[in-house]
Amino acid sequence: MISLGIESTAHTFGIGIVEDRMVLANVKNLYTTKSGGLIPVKLGEHHIEICDVVLRGALAKAGIKLKDIDIVTFSISPGLAHSLRIGATVAKTLALRLKKPLIGVNHCIAHLEVVRLCFPDCKDPILLYVSGANTQVIAYDGGKYRIFGETLDIGVGNFLDSFARHLGLGFPGGPKIEELAKKSTNYIELPYSVKGMDVSFGGLLTNLKTKFGKYKTEDLAYSMQETVFAMLVEVAERALAHCEKNELVIGGGVGCNKRLQEMCRLMCEDRNAKFYCPENQFLVDNGAMIAWTGLLMYKGGVSIKVEDAWIRPYERTDDVEVTWR
Ligand code: ATP
Ligand code: FE2
């Protein structure tokens, strides 16, 4: 069975094509800005302009025709409405034209499910989901995907990008900070902000701003990474213990960071758990994770009528009825 998946919750417009457990294509196009933030209307325009190019690219990569597709899946939630709407429109159009089932996928759940595609022996993991807008610890428990911990303010990626902007490093800041941090091992004390199972970054950003100019930027980058990643790994470890699970997976763009991966791996080794880290193309937002999760859902009896397929920008992970596990 061939599943086509459309990802459009934020910057990325991506189309993935999955046949059973094989990824045939995973093509994407990113909306970027040279300076300033993201303008939702412009983001929508970008996705409209490139959606057909991405679709044609994915079909060519997979070596299939539109008529070969068995199901059409798309990210229905959560995300920016301007962006979600474009993916939903393309998906509905395709489903109607091809007369194929339509499946709406929760983006956060797809980040977890795609790791089970990449690693078939990974059965029931805790997901540390660390992207620009999202920072959550998610696991399947009591019949649902539940959020065990999350950020109380901004997402960790947005925090890294704000920090980088203050250092004049440009966007996206995460990879540039990672490089800068490698030049130092000099730890400067910073506020460590874990509250129960949640984390927060606002106070840390304010604190860092008072330190700009007084310390070497590489020392600040190094200390910031050590502090923030320790906070994330602490919460992930507590979720593993609480849920009595022994698999940790990572998702989201910040998961590309090698130091964060190393800290996750070390924590897992210490408690005899397994750490699974997919390749970068499956860590960042991508269409293949939507296609794969949609396929699982369809096999679990889920589909949605075109007239009911309204986007859900604010849907929470635990709002989703799980019938495919
Ligand atoms: P979502 O819609 O899921 O919130 P997103 O649009 O923010 O996703 P992602 O590609 O998942 O997109 O994540 C982008 C973030 O990842 C950016 O904030 C970027 O700085 C960060 N990032 C990318 N590579 C690295 C890295 N090597 N180290 C740290 N952060 C990174
Ligand atoms: Fe994401």
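Worth a mention:
- Selection of helices (runs of 4 or more DSSP H) fully inside region 229-325 by the criterion of at least 3 residues being charged (D, E, K, R) returns 258-270.
- Restricting region 1-41 to residues that are among the basic types (Lys, Arg) and more than 15 Å from ligand 1 (Cβ to nearest atom), the residue that is surrounded by the fewest Cβ atoms within 10 Å (Cβ to Cβ): LYS34
- Selected residue [under 18 Å from PHE171 (Cα atoms) and either of a type in the set (A, V, I, L, M, F, W, C) or away from ligand 2 (no atom under 16 Å from the Cβ) (or both)] from LEU24, LEU55, LEU43: LEU43
- The criterion of at least 1 residues that are charged (D, E, K, R) and within 16 Å of ligand 2 (Cβ to nearest atom) is met, among strands (runs of 3 or more DSSP E) falling completely within region 98-196, by 144-150.
- Some residue of region 21-32 being out of contact with any strand residue (DSSP E or B) (no Cβ under 8 Å at 6 or more places or on another chain), part of a strand (DSSP E or B) and modelled with pLDDT of 95 or more: yes
- Residue satisfying condition, being more than 16 Å from ligand 1 (Cβ to nearest atom) and open to solvent by 30 Å² or more (accessible area, probe 1.4 Å), within set ALA241, ALA291: ALA241
- Within region 149-193, being touching a residue at least 60 places away in the same chain (Cβ under 8 Å) and open to solvent by less than 40 Å² (accessible area, probe 1.4 Å) holds for GLY149, VAL156, GLY157, PHE159, LEU160, PHE163, GLY174, GLU178, ALA181.
- Extreme residue, surrounded by the fewest Cβ atoms within 10 Å (Cβ to Cβ), among residues of region 101-137 that are within 15 Å of the chain's Cα centre (by Cα) and among the small types (Gly, Ala, Ser): ALA133
- In region 235-280, of all residues being without any contact (Cβ under 8 Å) to a residue 40 or more places away in the chain and touching a Lys or Arg at 6+ places or on another chain (Cβ under 9 Å), the one that is nearest to ligand 2 (Cβ to nearest atom) corresponds to CYS277.
The values are calculated or read from the model by the stated rules, or taken from the named source; none is laboratory data. What you are looking at is a predicted structure, and each value in this text was computed from that prediction instead of being measured. Backbone-built Cβ (ideal geometry, glycine too); neighbour counts: all protein chains shown. Just so you know, the surface numbers come from the protein's heavy atoms only, side chains and all, with ligands and any DNA or RNA stripped out. Shrake-Rupley method; radii C 1.70, N 1.55, O 1.52, S 1.80 Å.
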